[in-house]
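Remarks on the structure that follows.
The values are calculated or read from the model by the stated rules, or taken from the named source; none is laboratory data. All figures in this text were calculated on a predicted structure; none of them were measured in a lab. Positions of Cβ are generated from backbone atoms using ideal geometry, with glycine treated the same way; all protein chains shown enter the neighbour counts.
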Amino acid sequence: MLIGTMNHPGRDVIEEIRWMAAMEFEFVDLTLEPPRAPSAGIDVGAVRNVLRQHNMAVVGHTAFYLPMASPIEELRQAAVAELRRCIRVFAELGAAWMNIHLDRFTPFHDRSFFVRRNIDSLLELLPQAREYGMGLMVENLPGDFNNAGQLGEVLDAVPELGLHLDFGHANLMVPYNTAREILAAYGDRLRHVHLHDNKGGHEDLHLPLGAGNLDVADVVKSLKETGYDGTITLEVFSPDRRLLAYSRDVLRALWNA
């Protein structure tokens, strides 16, 4: 199991990777987003060099707000073009997997419409991903893609996709945490994990582990039962990095217990 964290897109990418390495994280969950980490402007050579210097792996993360299901075809195509560029950048950086956030913002259209549009966009992206030897994975999202049935509408239609399971998201806008349900249905396709705490409800708080009501010991147990031993990103968003370090140590201790 490898523990990593995510760069802040409003800060210099190189400096972000350096402090992560200093804190002994093993990979960077690299998000390609403006203003400081846009796919069109990132210095790929410099990022690749600093990753090699610190012996850090990379997992690809893309902007969560891309309109890949938009009913306006030109906007959908623009989102696909952005994701294609991300595939090229991540391939140059050596990433094996890139995440994609399914789009739900299609006012006055029913669910079947945005599910179909997401599938169309994913099918357009897969040939390029194959060409570059990269896998694509979709992340569970509160509200519309946060249980096995909802995710299955896309995962069953596109068997080549991997699952990116966010345990914090699985605790939001649901009557119970849906992570085990999702793992029972699609655990064999799990490729990456996000972990952070919250208090349920609607607020995606990205708290340190133990600061909310997420059962972190059960998270580790469920992953081990699935046979997962891959990358786990700690999405702990606090200006005090000691809380991130604490969460890293909690996760490592539980995993090694």
* Asked: Scanning for something within 18 Å of Thr62 (Cα to Cα), surrounded by fewer than 18 Cβ atoms within 10 Å (Cβ to Cβ) and of a type in the set (Gly, Ala, Ser), does region 122-133 turn up at least one residue?
  -> yes
* To do: Output the number of residues of region 40-56 satisfying the condition of being closer than 24 Å to His101 by Cβ and either charged (D, E, K, R) or buried (at least 16 other Cβ atoms within 10 Å of the Cβ) (or both).
  => 4
* Determine if region 223-235 includes at least one residue that is surrounded by 22 or more Cβ atoms within 10 Å (Cβ to Cβ) and touching a Ser or Thr at 6+ places or on another chain (Cβ under 7 Å). => yes
* Asked: Looking at Pro208, Pro239, which is the one that is modelled with pLDDT under 95 and under 21 Å from Glu24 (Cβ atoms)?
  -> Pro239
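Conditions (1) closer than 30 Å to Pro127 by Cβ; (2) without any contact (Cβ under 8 Å) to a residue 40 or more places away in the chain; (3) over 15 Å from the mean Cα position of the chain (by Cα), marked per residue:
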residue: Phe145; (1), (2), (3): yes, no, no
residue: Ala148; (1), (2), (3): yes, yes, yes
residue: Pro175; (1), (2), (3): no, yes, yes
residue: Ala179; (1), (2), (3): no, no, no
residue: Asp218; (1), (2), (3): no, yes, yes
residue: Phe237; (1), (2), (3): no, no, no
residue: Leu243; (1), (2), (3): no, yes, yes
residue: Arg252; (1), (2), (3): no, no, yes
residue: Ala257; (1), (2), (3): no, yes, yes
* Asked: Considering only helices (runs of 4 or more DSSP H) fully contained in region 172-257, which possess at least 1 residues that are farther than 22 Å from Asn146 by Cα and among the polar types (S, T, N, Q)?
  -> 241-256
* **Answer residue from region 85-119, given it is aromatic (Phe, Trp, Tyr) and part of a loop (DSSP other than H, G, I, E, B) and is surrounded by the most Cβ atoms within 10 Å (Cβ to Cβ) among those** => Phe105
* Could you say whether any residue in region 206-214 is surrounded by fewer than 16 Cβ atoms within 10 Å (Cβ to Cβ), farther than 23 Å from Met56 by Cα, in contact (Cβ under 8 Å) with a residue 24 or more places away in the chain and hydrophobic (A, V, I, L, M, F, W, C)? -> no
* **Flag if Ala81 is outside any loop (DSSP other than H, G, I, E, B), more than 28 Å from His206 (Cα to Cα), over 17 Å from the mean Cα position of the chain (by Cα) and at pLDDT 95 or above** => yes
* Unique match (being closer than 30 Å to Asp249 by Cα and under 17 Å from the mean Cα position of the chain (by Cα)) among Glu24, Glu33 -> Glu33
* What number of residues in region 1-15 are charged (D, E, K, R) and either touching a residue at least 24 places away in the same chain (Cβ under 8 Å) or buried (at least 20 other Cβ atoms within 10 Å of the Cβ) (or both)? -> 2
